[in-house]
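Here's the structure, in structure tokens; my notes come after.
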Amino acid sequence: QVQVVESGGGLVRPGGSLRLSCAASGITLSIDSMGWHRQAPGKEREWVATITGLNSTHYADSAKGRFTISKDSSKMTIYLQMDNVTADDTAVYYCVLHRIGADDWGQGTQVTVSS
């Protein structure tokens with residue numbers, strides 16, 4: 001059974017940085033890509049960034065230039081480096097593992113940007 005576990009969330013000041021981690025375990029064959037989504041209070045979940053099996057990266061406009069997604073394949077872990085955060089980045093951040101025929105979501109990690 002695949003497990004996806006996020007970590008690294010917390011309270012950060014505007015303009016600060018935070019790094020989220022997402023570790024996948026279990027059946028990890030046939031992975032197409034992994035990524036991050038987020039859901040702010042009262043809003044729908046939105047896509048943030050994706051990294052493919054060939055290390056191609058893609059970002060939502062809100063993340064471009066501030067967030068960096070990366071991967072350590074040996075650890076089956078992806079990261080989201082968040083720089084120059086703003087209050088609009090406050091949300092629960094979810095990691096997703098896209099396999100052929102299935103998506104596996106983590107439970108989420110809270111990121112709060114506040115002074």
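The values are calculated or read from the model by the stated rules, or taken from the named source; none is laboratory data. What you are looking at is a predicted structure, and each value in this text was computed from that prediction instead of being measured. Here the Cβ is made from the backbone with ideal geometry for all residues, glycine too, and neighbour counts use every protein chain on show. Remember, those area values only see protein heavy atoms, side chains included, never the ligands or the DNA or RNA. Shrake-Rupley method; radii C 1.70, N 1.55, O 1.52, S 1.80 Å.
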Cα centroid separation, region 98-114 to region 16-46 (Å): 4 Å
Tell me, what HN-Hα J-couplings in whole Hz come from the Karplus equation 6.51 cos²θ - 1.76 cosθ + 1.60 at θ = phi - 60° for each residue of region 73-83, using x for Gly and Pro? 4, 5, 9, 6, 10, 10, 10, 10, 7, 10, 10
Can you work out the Karplus-derived ³J(HN,Hα) for every residue in region 38-52? Use 6.51 cos²θ - 1.76 cosθ + 1.60 with θ = phi - 60°, whole Hz, and x for glycine or proline. 8, 9, 8, x, x, 10, 6, 5, 10, 6, 10, 7, 9, 10, 8
Which residue, 42, 26, 65, tops the fluctuation ranking in a GNM of the chain built on C-alpha contacts under 10 Å? 42
Taking H placed 1.01 Å from N in the peptide plane, check which residues at least 5 places from residue 90 or on another chain put their amide H under 5 Å from its amide H. 113
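Averaged per residue, what accessible area in Å² does the chain show with a 1.4 Å probe, protein chains only? Could you put the intermediate results ahead of the total?
Details: 6220 Å² over 115 residues.
Heavy-atom accessible area per residue stands at 54 Å².
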For region 33-115, which whole-number percentage of the solvent-accessible area (1.4 Å probe, protein heavy atoms only) is attributable to carbon and sulfur atoms? 48 percent
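I'd like the GluC sites (Glu not before Pro) in region 1-98 restricted to DSSP loop residues with at most 14 other Cβ atoms within 10 Å, sorted by number.
Working: sites: 6, 44, 46; in loops: 44.
Those that pass, being in a loop and sparsely packed, are 44.
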